[in-house]
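Trainee: Just dropping this structure here.
Coordinate-derived values only; no laboratory data. These figures come from a predicted structure and were not determined experimentally. Cβ: placed from backbone, ideal geometry, glycine included. Neighbour counts: every protein chain shown.
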Amino acid sequence: MGDSPDRSAGARHVAIIMDGNGRWAKKRALPRSIGHQRGVEAVRRLVRALEPMGLDCLTLYAFSSENWKRSEDEVDDLMNLMRKFIKSDLPEFVANGVKLKIIGDWQSLAPDIVAMLEDALAQTANGTQTLAVALNYGAQNEIARAAVKAAETGAITTESITAQLDTSDLPPLDLLIRTSGEIRLSNFLLWQAAYAEMLFVDTLWPDFKPEHLSQALNDFAQRERRYGGR
Ligand code: IPE
Ligand code: IPE
Ligand code: MG
């Protein structure tokens, strides 16, 4: 990856809808919780590969505002995995210059998770590559919150809404990837995706490797972005 510096030509910000943990587990007759554990390992592999990829920002959809509809056990599993992941990987983020960012209504998660995240944000504040994690995130809610804030400070315009989104300090979204073969956005980055390139792959999230992202960046580099012009 490091030997082809032009690979991610132009791609600064990639977002991924990490889908397919449950189906990965089901195929192996394992509980969904194991699929989620293996999903965390896929995240870890990717974050470790961030630097050679040369991205400014990777945004990962970890828990949607609709995922509360799942069983209490599954939600608990996901929240516990979150706690474990932050605890185990935070030192590595700090050492590797990964700057954590959280988008979504994360302040309403369990108080201990909010405290862990606040600590992680503070400890990684000087990082150079951003790992943005969408937690309790729903794009429609993000846009509605942004519109309210925009109205409080002046006129509602596309610019003023953009400036109030949770992603306002991130580079524009270049590429949006969804794994597991589903072709929908499931309330993820609806505003930011206006002119993002999209890539839907069949790979189930626990099987997703840095090589897949590398391939996606190659694919992205071949695309012609037009933004409505010619
Ligand atoms: C993605 O995998 C993880 C989360 C949504 C938290 P799923 O749990 O949605 O896996 P499938 O879609 O059931 O296979
Ligand atoms: C989207 O996946 C949310 C995350 C990946 C966190 P879902 O599995 O929840 O989406 P749907 O239900 O298939 O649309
Ligand atoms: Mg799913």
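Trainee: Read phi for every residue in region 67-83 and hand back ³J(HN,Hα) as whole Hz from Karplus 6.51 cos²θ - 1.76 cosθ + 1.60, θ = phi - 60°, with x for Gly and Pro.
Mentor: 5, 5, 6, 6, 4, 4, 4, 5, 4, 4, 4, 5, 5, 5, 5, 4, 4
Trainee: Viscosity 1.567 mPa s, temperature 4 °C: Stokes-Einstein D of region 96-197 from its Kirkwood Cα radius, in µm² per second?
Mentor: Value of D from the Cα-based Kirkwood radius: 87 µm²/s.
Trainee: A further question on this structure: Considering all projection directions equally, how large on average is the shadow of the alpha-carbon convex hull of region 27-71, in square nanometres?
Mentor: Over every viewing direction, the Cα hull of region 27-71 projects on average to 4.5 nm².
Trainee: OK, next. Would you grab the residues whose amide H sits under 5 Å from the one on ILE102? Only those 5+ places off in sequence or on another chain, please, with H modelled 1.01 Å from N.
Mentor: For ILE102, the qualifying residues are VAL133.
Trainee: Next up: Please identify every one of the GluC sites (Glu not before Pro) in region 156-230 that sits in a loop by DSSP and has no more than 12 other beta carbons within 10 Å of its own beta carbon.
Mentor: GLU224
Trainee: Could you calculate, for the chain, the ratio of the Cα radius of gyration to the Kirkwood radius, expressed as Rg to Rh?
Mentor: A ratio of 0.95.
Trainee: Then there's this: Dividing the Cα radius of gyration by the Kirkwood radius, what Rg/Rh value follows for region 157-218?
Mentor: 1.03
Trainee: Please list, ordered by chain and number, the residues whose modelled amide H lies under 5 Å from the amide H of TYR137; skip anything fewer than 5 residues away on the same chain.
Mentor: For TYR137, whose amide H was placed from the backbone, the distant partners under 5 Å are PHE63, SER64, SER65, ASP105.
Trainee: Rounded to the nearest 0.05, what FRET efficiency do GLN123 and LEU30 have when you use their Cβ-Cβ distance and R0 = 41 Å?
Mentor: The computed FRET efficiency comes out at 0.75.
Trainee: Given the -39500 (n - 2.57) contribution per DSSP H run of 4+ residues, what per-residue ellipticity at 222 nm results for the chain, rounded to the nearest 500 deg cm²/dmol?
Mentor: -14000 deg cm²/dmol
Trainee: Pick out, in residue order, every one of the trypsin sites (Lys or Arg not before Pro) in region 124-218 that is DSSP loop and has at most 14 other C-beta atoms within 10 Å; say none if there are none.
Mentor: ARG184
Trainee: List, in order, the whole-Hz ³J(HN,Hα) value for each residue of region 34-47 obtained from phi through the Karplus relation with A = 6.51, B = -1.76, C = 1.60 and θ = phi - 60°; use x for Gly and Pro.
Mentor: 5, x, 5, 4, 5, x, 5, 5, 5, 4, 4, 4, 5, 5
Trainee: Can you run phi through the Karplus equation (6.51, -1.76, 1.60; θ = phi - 60°) for region 118-132 and list ³J(HN,Hα) in whole Hz, with x for Gly and Pro?
Mentor: Computed from phi, the couplings for region 118-132 are 4, 5, 5, 4, 5, 5, 9, 4, 8, x, 9, 10, 8, 10, 9 Hz.
Trainee: A follow-up question, please. Using the Cβ atoms and a cut-off under 13 Å, what net charge is assigned to the surroundings of PHE188, where Lys and Arg are +1 and Asp and Glu are -1?
Mentor: For residues surrounding PHE188, the net value is -3.
Trainee: Compute the whole-percent fraction of alpha carbon pairs in region 74-118 spaced more than 13 Å apart.
Mentor: 59 percent
Trainee: On to the next question. Please give me the summed charge of the neighbours of ARG12: other residues whose Cβ is under 9 Å from its Cβ, Lys and Arg +1, Asp and Glu -1.
Mentor: Net charge in that neighbourhood comes out at -2.
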